[in-house]
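Trainee: Got a structure for you, written out below as structure tokens; questions coming shortly.
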Number of protein chains: 2
Amino acid sequence: MNLYEVVHRRRDTRAEFTGEEIPPDVLRRVLTAAHAAPSVGLSQPWDFVLVRDESIRRAFRDHVQAERSVFAAQLDQERAETFSRIKVEGVMESSLGIVVTYDPDRGSPAVLGRHAIADAGLYSVCLAIQNLWLAATEEGLGVGWVSFYREDVLRRLLNIPTRVRPVAWLCVGPVRSLPDTPDLERHGWRNRLPLEDVLHYDSYGRRN
Amino acid sequence: MNLYEVVHRRRDTRAEFTGEEIPPDVLRRVLTAAHAAPSVGLSQPWDFVLVRDESIRRAFRDHVQAERSVFAAQLDQERAETFSRIKVEGVMESSLGIVVTYDPDRGSPAVLGRHAIADAGLYSVCLAIQNLWLAATEEGLGVGWVSFYREDVLRRLLNIPTRVRPVAWLCVGPVRSLPDTPDLERHGWRNRLPLEDVLHYDSYGRRN
């Protein structure tokens, strides 16, 4: 696939994992792509915790299900019904969990480009995640970003030091297929916006 | 180029811009790729302000140069000397500024997947930036992320509402070439790390 095919083929995957192993050379290429992301001051502040252990994944899945209920309780009846049909995680079905973290001490004390914007390091970690996601798509793997969790719970589960911030739990693995339409759109949660809605010219709100 | 070639070819560009215009169809493909990024709850919380106006760009460039001095003043002599050789922006030399912002109200009140992690919306914006960066690379354009600025200054310059957060000023445009080695590595600021340094297994700090 070329770059644009990968970008538009990529999906957030929850229900399609086969549970098969990821071949080591494939995983290596995907992680190498993530690690080639740009980062503020070349700080490369990301880490990748590869979670294979079943008991850790089960504990995390149980926590995610509890957080799902917390979110569902905030919804009105119509939204709650729509939400009830949406799967939010494939933690046990995917073959690997990849937890991506942010270490603000990497490259410190003077990270070039971070003195005015403390979150710039966090942004770098997200760029690595998108590289990982696209590389996985190129390799025929699915990726599902789980964000129904409390950071402290995930920290404790993986012995992540207090200074380091978990940014994502990614469910990764071979899939039967990638859906053409995002799950949330298919289930009527929310639609994709026209590009024009998010474009401005020289001044925020100026539409031409 | 295939996905991996684009990922590894991509560079943060400052000195290589030619100042030529970006053809409209190319710009459209690049922005469409950015807009195809994944987002928490399909909220698509990004906006793109295309800054062509010279006076706005000059005002921003002047602010960036002032912030460069703020950062330089924090460095010891050896680092300050290294930093003095590094160009941190191509705001006037590039043909277009693209300011990417985060709107937390998009898709509110109940953004699926954001109740436990408020920053998840901000993360989505970064994924769109990486899509933009890779698409620009595919098209032979350079991208330079400028982060030497105060968010409030940029907000005022572009009439960005208070609730909306600027995430990046991207210098975008045709380039003479893309350097093989990141500028910061070439100038001895910092080196790329081996992949092994950022990999952990089942528990943070476990190296196999």
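Trainee: Can you tell me which condition A:P38 does not meet? The list is (1) closer than 25 Å to A:I22 by Cα; (2) in contact with a strand residue (DSSP E or B) (Cβ under 7 Å, 6 or more places away or on another chain), and all the others hold.
Mentor: All conditions pass for A:P38, except number (1).
Trainee: Within the range B:137-159, restricting attention to residues that are in contact with a Lys or Arg (Cβ under 8 Å, 6 or more places away or on another chain) and charged (D, E, K, R), which residue is farthest from B:V6 (Cα to Cα)?
Mentor: Taking the candidates together, the pick is B:E151.
Trainee: Looking only at the range B:104-114, filter to residues that are open to solvent by less than 40 Å² (accessible area, probe 1.4 Å) and touching a helix residue (DSSP H, G or I) at 6+ places or on another chain (Cβ under 6 Å); which one of those is nearest to B:I22 (Cα to Cα)?
Mentor: Result: B:P104.
Trainee: So which residues in the range B:156-199 are open to solvent by less than 40 Å² (accessible area, probe 1.4 Å) and closer than 17 Å to B:R57 by Cα?
Mentor: Scanning the range B:156-199 gives B:L158, B:I160, B:P166, B:V167, B:A168, B:W169, B:L170, B:C171, B:V172, B:G173.
Trainee: Checking A:C126 against (1) in contact with a Ser or Thr (Cβ under 7 Å, 6 or more places away or on another chain); (2) closer than 23 Å to A:R29 by Cα, which single condition isn't satisfied?
Mentor: (1)
Trainee: Does B:A116 fit the bill of being facing chain A (nearest Cβ under 9 Å) and of a type in the set (A, V, I, L, M, F, W, C)?
Mentor: When the stated conditions are applied, B:A116 passes them.
Trainee: What are the pairs, 6+ residues apart or on separate chains, where a residue within the range B:119-138 that is without any contact (Cβ under 8 Å) to a residue 40 or more places away in the chain has its Cβ under 9 Å from a residue that is part of a helix (DSSP H, G or I)?
Mentor: Partner pairs satisfying both residue conditions: B:D119/A:L122.
Trainee: Answer yes if at least one residue in the range B:85-103 is touching a Ser or Thr at 6+ places or on another chain (Cβ under 8 Å) and among the aliphatic types (A, V, I, L, M), and no otherwise.
Mentor: no
Trainee: Any residue in the range A:87-114 that's of a type in the set (S, T, N, Q): show its pairings with residues that are outside any loop (DSSP other than H, G, I, E, B) at Cβ separation under 6 Å, as long as the two are six or more apart or on different chains.
Mentor: A:S94/A:F17; A:S94/A:C171; A:S94/A:V172; A:S94/A:G173; A:S95/A:G173; A:T101/A:D47; A:T101/A:P166
Trainee: Do any residues in the range B:49-65 that are more than 22 Å from B:L132 (Cα to Cα) have Cβ atoms under 8 Å from those of residues that are open to solvent by 60 Å² or more (accessible area, probe 1.4 Å), where the two are at least six apart or on different chains, and which pairs are they?
Mentor: Qualifying pairs under 8 Å: B:H63/B:R150.
Trainee: Keeping to the range B:1-36, report how many residues are within 30 Å of A:N191 (Cβ to Cβ), more than 7 Å from chain A (Cβ to nearest Cβ) and open to solvent by less than 50 Å² (accessible area, probe 1.4 Å).
Mentor: 5
Trainee: Something else: Tally up the residues in the range B:37-57 that are facing another protein chain (nearest Cβ under 7 Å), open to solvent by 20 Å² or more (accessible area, probe 1.4 Å) and acidic (D, E), please.
Mentor: Count: 1.
Trainee: How many residues does the range B:74-92 hold that are over 26 Å from B:P174 (Cα atoms) and within 10 Å of chain A (Cβ to nearest Cβ)?
Mentor: 6
Trainee: Does the range B:58-68 include one or more residues that are within 7 Å of chain A (Cβ to nearest Cβ) and over 19 Å from A:L199 (Cβ atoms)?
Mentor: So far as the range B:58-68 goes, yes, one or more of its residues are within 7 Å of chain A (Cβ to nearest Cβ) and over 19 Å from A:L199 (Cβ atoms).
Trainee: On the basis of being in contact with a Phe, Trp or Tyr (Cβ under 9 Å, 6 or more places away or on another chain), closer than 30 Å to A:A135 by Cβ and at the interface with chain A (Cβ under 10 Å from one of its Cβ atoms), does B:A110 make the cut?
Mentor: Criteria not met by B:A110.
The values are calculated or read from the model by the stated rules, or taken from the named source; none is laboratory data. Here the structure is a predicted model, which is why all the values come from computation and not from measurement. Because the Cβ atoms are built from the backbone with ideal geometry, glycine has one as well, and the counts that use them run over all protein chains shown. All accessible areas refer to the heavy atoms of the entire protein, side chains included, with ligands and DNA or RNA removed. Shrake-Rupley method; radii C 1.70, N 1.55, O 1.52, S 1.80 Å.
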